[in-house]
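Only one structure is covered here, and it is reproduced in the block below.
The values are calculated or read from the model by the stated rules, or taken from the named source; none is laboratory data. Quantities reported herein were computed from a predicted structural model and do not represent experimental measurements. Here the Cβ positions follow ideal geometry from the backbone for every residue, glycine too, while neighbour counts run over all protein chains shown. Note: areas computed on protein heavy atoms with side chains; ligands, DNA, RNA excluded. Shrake-Rupley method; radii C 1.70, N 1.55, O 1.52, S 1.80 Å.
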Amino acid sequence: MPAFDIEAAFERLRTFMQRYPKAAMFQLAAEGYDSPFEQLISCMISIRTYDETSLPVSRRLFAKAKTPEAVSQLSVEEIQTLIKASTFADRKAAQIHAIAQTLVDQYAGELPCDAEVMLGFKGVGPKCAHLALGIACQQPYISVDVHVHRVVNRWGYVATKTPEKTTAALAAKLPQSHWIETNQILMPFGKHICKQRPRCAICPIEPMCPKLGVG
Ligand code: SF4
């Protein structure tokens, strides 16, 4: 099997995916919610929650409070009411309030572009920290969700069993210049085209795709 041409794949998808909705956090960044704090909080809100729900929930919270200072002045109950459509709203509200309060108390009210700081907060895992660092801080991080994991394995670009292993395999192989667009392009591509039941008939990658594991 010839090596998968990743450059050609990104080239085709960059144009093709413009007609589909952006991944949630990229959409929020395009609307101006692009600080590390806004990106991290909106990613937490999106956990186990569809984009269609998490996007308006993030906008509602930020309309009320968009800085650590402003969020710390809300009560946990107020945050919970604002984000109640998000899954695990009660737990997330307490975590979001705690993050805002810590930033006010220890970081002069700003979330630094620092992976260690982000990962030190309860409720923040590698996926959200890496997305916030990539989008808001322009740091080279790959964030692999189930969609990215499925796509790059079907391409035969990696051969891995879990998103965590895919992250490591991509970090070793994929040029850094593609890391942020892996999140930006492959997440919506996996959601809308290379789905569990892939839409190969309309896929721009079809002529070059080995379709590994596709029934
Ligand atoms: S051709 Fe099918 S399996 Fe390959 S990337 Fe496109 S949708 Fe996915």
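Computed values, structure above
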quantity	calculated
Any chance ALA171 is more than 9 Å from the ligand (Cβ to nearest atom), of a type outside the set (D, E, K, R), assigned to a helix (DSSP H, G or I) and surrounded by fewer than 17 Cβ atoms within 10 Å (Cβ to Cβ)	yes
First in segment 62-82 and more than 19 Å from PHE121 (Cβ to Cβ) and outside the structural domain of TYR33 (by TED's automatic domain parsing), second anywhere and among the polar types (S, T, N, Q) and open to solvent by 40 Å² or more (accessible area, probe 1.4 Å), Cβ under 9 Å, 6 or more apart	none
Flag if ALA94 is free of Cβ contacts under 8 Å to residues at least 40 places away in the same chain, at positive phi and open to solvent by 20 Å² or more (accessible area, probe 1.4 Å)	no
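Residues are listed down the side, and each one gets a yes or a no for (1) in contact with a helix residue (DSSP H, G or I) (Cβ under 8 Å, 6 or more places away or on another chain); (2) over 25 Å from PRO68 (Cβ atoms); (3) open to solvent by less than 60 Å² (accessible area, probe 1.4 Å); (4) assigned to a helix (DSSP H, G or I):
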| residue | (1), (2), (3), (4) |
| --- | --- |
| VAL124 | yes, no, yes, no |
| LYS127 | yes, no, no, yes |
| ALA136 | yes, no, yes, yes |
| VAL152 | yes, yes, yes, yes |
| THR160 | yes, yes, yes, no |
| LYS165 | no, yes, no, yes |
| PRO188 | yes, yes, yes, yes |
| ARG197 | no, yes, no, no |
